[in-house]
Amino acid sequence: MLLNDEAYMKLALQMAESALGQTGINPVVGCVLVKEGRIVGMGAHLKRGHGHAEVLALQMAGEEAKGSTAYVTLEPCSHYGKTPPCSDRLIEAGVQRVVVATTDPNPLVAGTGIAKLRAHGLDVSVGVLGEESTKLNEAFNKFIVTRMPFVTMKTASTLDGRIASKTGDSKWITSPDSRGYVHTLRHQHQGILVGVQTVIADDPLLSTRGDLPAVQPVRIIADSLLRVPLGARVLTEQDCQPTILLASTQAPAERRAALEARGITVLTCGDGPQVDLTLAMQQLGEREIGSILLEGGGRLNGAMLERRLIDKLVLMFAPKIIGGAAAPVNIHFDGFAKMDDAITLDRMSVEQFGPDVCITGYPMYK
Ligand code: AOF
Ligand code: ZN
């Protein structure tokens, strides 16, 4: 490892990244303490309510923290949350220099942690690998400011955008490698959202089933009229996470009562024939679901995109062409009249999983 600021920050970022998916609405944060060319402490925030990265690193360093440099992927906090302020702890421990990747957008912090450190004479540098840290906490960055969940839309389709054949056959479109990545994505989001039609058609379990155990997301179904079959696996197999249904006031009251009697949460999202998706996202945000993986079907994907509720797209394409005017597509909505009106992707990247291509990008709404 090169002995410079970026190398130590990279180490702190790696620790933070490894905790993605297990901190709930909290950010992932890593901290490395270095003194006279030796690493004397390391820490990562692993769970909401548990120790912050800096505190854990300081505990490891003990007396050696005095005179050290702290590399932290997020501005040390300055507020009393579930834990006391990290900036105070760094000051008390006698840390001399603090290198921060990025400021904390939490309105309770937002620069005050850095200001406090400087006011106490610590030398603070900000912006080392800042972009990397911001990307790692993209969900936290949105949620902490807007209280709306960060939504990633994931689709798996043929090259011609079909998510099933004209007869409804969909097993399987993408390769095991791609499906493995999807389980990682599920682990990294607090909730997983599908439309009721997907539940009726596929009876999915909506859990993470990768090679290793993982954190299970809350299962959310957009089901305006509460048509979900009572025998559906998302309702009967409750050993993963709870299931939340998003319904409208038009859903039959007795159906709702039957579901609630089984311990299923039903959120009322508007009075229309279809769920008010913006209201639904607000309500999920109020329940501290800060990140959601949207997994279809095509109509729900389209409706979420039209309402500008999608923050990120992960589009997987298998090298297959199935055709069929009746075959459902990955993103289904009325569409725009002009090419100029199209939603374009920002910061696009392309990866390959087995034979499949995976395009990731951020929609730019006009
Ligand atoms: C840090 N280091 O490791 C983390 C920080 O409820 P609490 O006490 O856990 O506080 C959560 C807030 O603290 C969170 O919204 C974010 O602003 C900051 N997270 N700060 O200095 C850490 N996890
Ligand atoms: Zn803190």
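Here, each number is a calculation from the coordinates, and none is a lab measurement. Worth saying up front: this structure is predicted, and the values here are computed from it rather than measured. Cβ sites come from the backbone with ideal geometry, for glycine too, and all protein chains shown count toward neighbours.
So how many Å³ per residue does the convex hull of the Cα atoms of the chain work out to?
Each residue corresponds to 157 Å³ of Cα convex hull volume.
Which value, to two decimals, describes the C-alpha radius of gyration of the stretch 1-44 once divided by 2.2 N^0.38 Å?
So the stretch 1-44 has a normalised radius of gyration of 1.24.
For the chain, what is the calculated [θ] at 222 nm in deg cm²/dmol (nearest 500), taking -39500 (n - 2.57) for each run of four or more DSSP H residues and dividing by its residue count? Show your work: numbers first, answer last.
On the way: 12 runs with 106 residues, N = 366.
For the chain, the value works out to -8000 deg cm²/dmol.
So for S78, S349, fewest C-beta neighbours within 10 Å to most, what's the order?
Working: S78 21, S349 9.
Final ranking by Cβ density, sparse to dense: S349, S78.
Please arrange R255, R162, R262 by how many other C-beta atoms lie within 10 Å of their C-beta, fewest to most.
In increasing order of surrounding Cβ atoms, one gets R262, R255, R162.
What pairs from K10/K154; K320/K366; K10/K35; K47/K142; K66/K116; K47/K82 go past 22 Å between their alpha carbons?
Going by Cα-Cα distance, K10/K154; K320/K366 fall outside the 22 Å limit.
Restricting to Cα pairs below 8 Å that are 6+ residues apart, what does the relative contact order work out to for the chain? Please round to a whole percent. Intermediate results must be reported in sequence, preceding the final value.
Working: 810 pairs, mean separation 56.7, N = 366.
After rounding, I find 16 percent.
Span-like helices, the chain: DSSP H, alpha-carbon axial extent 15 Å or more, mean Kyte-Doolittle -1.0 or greater, which ones?
Taking the DSSP H segments of the chain (at least 15 Å long, mean hydropathy at least -1.0), we get 5-18.
To make sure I understand, if each residue's beta carbon is the centre and we count other beta carbons within 10 Å, what order do L225, L293 fall in, fewest to most?
Values: L225 15, L293 25.
Neighbour counts put them in this order, fewest first: L225, L293.
Once you mark the chymotrypsin sites (Phe, Trp or Tyr not before Pro) that are in a DSSP loop and have at most 10 other Cβ atoms within 10 Å, what is the longest gap between them in the chain?
81-364
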